[in-house]
Amino acid sequence: MAGRIVKVLWAGHMSYRAGLQLQKHLVERHRTLQKEDTPNTLVLLEHDPVYTVGIRNKGYGEEDEARLKALNAEFYRTNRGGLITFHGPGQLVAYPIIDLKEFQTNIRCYVSQIEKTIIRVCAEFGLKGETSPDTGVWIEDRKICAIGIHASRYITSHGLALNCNTDLRWFEHIIPCGIEEKGVTSLSKELFANVTVADAIPVLKRAFADEFRCDVIEMDCSEVSKLLTKSKNLGKDEAIVH
């Protein structure tokens, strides 16, 4: 495994804003601490209902924002790649906060590795996941996992969203990832069974460890508690940069 270690931080159910604060804090640790004091981290969580748009926010102005918020969902404009998507309960969201230099890779290869990780997850559930010219992982013409990442000075943020037993009706109000004439799906829909986020987590961790050639270990409870407390204190008196 080349001695690389990635710590898994299970953050539970979390608002999108809180997720941004946590990512910001973890990215800043890479900026300000010595390498040996800055573990690469894989944040796993479920978001409260939220629509997010990336740097290519074509077609979603203030009226659309108000319309989507009226559905009792939040709305955020972010600096990740990709167009609009939905995050919510029943969806496993993963934010790798890692130093690409340590993994000897670049942005293009990193995105490919994320896709391959999810294809491995699908395979373990007996499904054939595939890539396409559109970023993400698909079951035929149905997207099962959205990917949108950001990297600055080799430190990654944002990540992927795997539909487990997500209520897919949330996607009916948007053109997911800006791709028309294609649908969305979930592990549960494809398998005709209730596949939860808890079911998918261990599979994702194994696939991530294999694809990124690293040891994936659980972050201890005290460290998780400290990180969540520190991240909550961010942004109280300032705008969240995302």
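List every residue pair whose Cβ atoms lie under 7 Å apart, where the two residues are 6 or more positions apart in sequence or sit on different chains, the first residue falls within segment 197-216 and is closer than 15 Å to GLU102 by Cα, and the second residue, located anywhere, is open to solvent by 70 Å² or more (accessible area, probe 1.4 Å) and at pLDDT below 95.
ARG213/MET1; ARG213/ALA2; CYS214/MET1; CYS214/ILE5; ASP215/MET1; ASP215/ILE5
Mind checking which residues of segment 1-54 are aromatic (Phe, Trp, Tyr) and either in a helix (DSSP H, G or I) or at pLDDT below 90 (or both)?
Within segment 1-54, just TYR16 meets the criteria.
Quick one: which residue in VAL216, VAL224, VAL203, VAL137 is among the β-branched types (Val, Ile, Thr) and more than 21 Å from ASN40 (Cα to Cα)?
VAL137
So, ILE201, is that one hydrophobic (A, V, I, L, M, F, W, C) and either more than 18 Å from LEU92 (Cβ to Cβ) or modelled with pLDDT under 90 (or both) or not?
no
When only residues in segment 123-141 that are surrounded by 17 or more Cβ atoms within 10 Å (Cβ to Cβ) and among the small types (Gly, Ala, Ser) count, which is farthest from SER157 (Cα to Cα)?
GLY129
Residue check: is GLY129 touching a Cys at 6+ places or on another chain (Cβ under 9 Å), at pLDDT 95 or above and not hydrophobic (A, V, I, L, M, F, W, C)?
yes
Does VAL93 qualify as being among the β-branched types (Val, Ile, Thr) and in contact with a Lys or Arg (Cβ under 6 Å, 6 or more places away or on another chain)?
Considered against the rule, which asks whether it is among the β-branched types (Val, Ile, Thr) and in contact with a Lys or Arg (Cβ under 6 Å, 6 or more places away or on another chain), VAL93 comes out as no.
Which members of segment 66-122 meet the condition of being of a type in the set (Lys, Arg), in a helix (DSSP H, G or I) and either touching a residue at least 40 places away in the same chain (Cβ under 8 Å) or open to solvent by less than 30 Å² (accessible area, probe 1.4 Å) (or both)?
ARG67, LYS116, ARG120
Report whether or not LYS230 is within 21 Å of GLY12 (Cβ to Cβ), surrounded by fewer than 17 Cβ atoms within 10 Å (Cβ to Cβ), at pLDDT below 85 and not hydroxyl-bearing (Ser, Thr, Tyr).
yes
Applying the selection to segment 129-156, what residues are assigned to a strand (DSSP E or B), more than 16 Å from LEU83 (Cα to Cα) and either in contact with a Ser or Thr (Cβ under 8 Å, 6 or more places away or on another chain) or in contact (Cβ under 8 Å) with a residue 40 or more places away in the chain (or both)?
Answer for segment 129-156, where residues must be assigned to a strand (DSSP E or B), more than 16 Å from LEU83 (Cα to Cα) and either in contact with a Ser or Thr (Cβ under 8 Å, 6 or more places away or on another chain) or in contact (Cβ under 8 Å) with a residue 40 or more places away in the chain (or both): TRP138, ILE139, ARG142, ALA151, SER152, ILE155, THR156.
The values are calculated or read from the model by the stated rules, or taken from the named source; none is laboratory data. Being a predicted model, the structure only gives us computed values, none of them experimental. Reconstructed Cβ throughout: ideal geometry from the backbone, glycine too, with neighbour counts over all protein chains shown. SASA here: full protein model, heavy atoms, side chains in, ligands and nucleic acids out. Shrake-Rupley method; radii C 1.70, N 1.55, O 1.52, S 1.80 Å.
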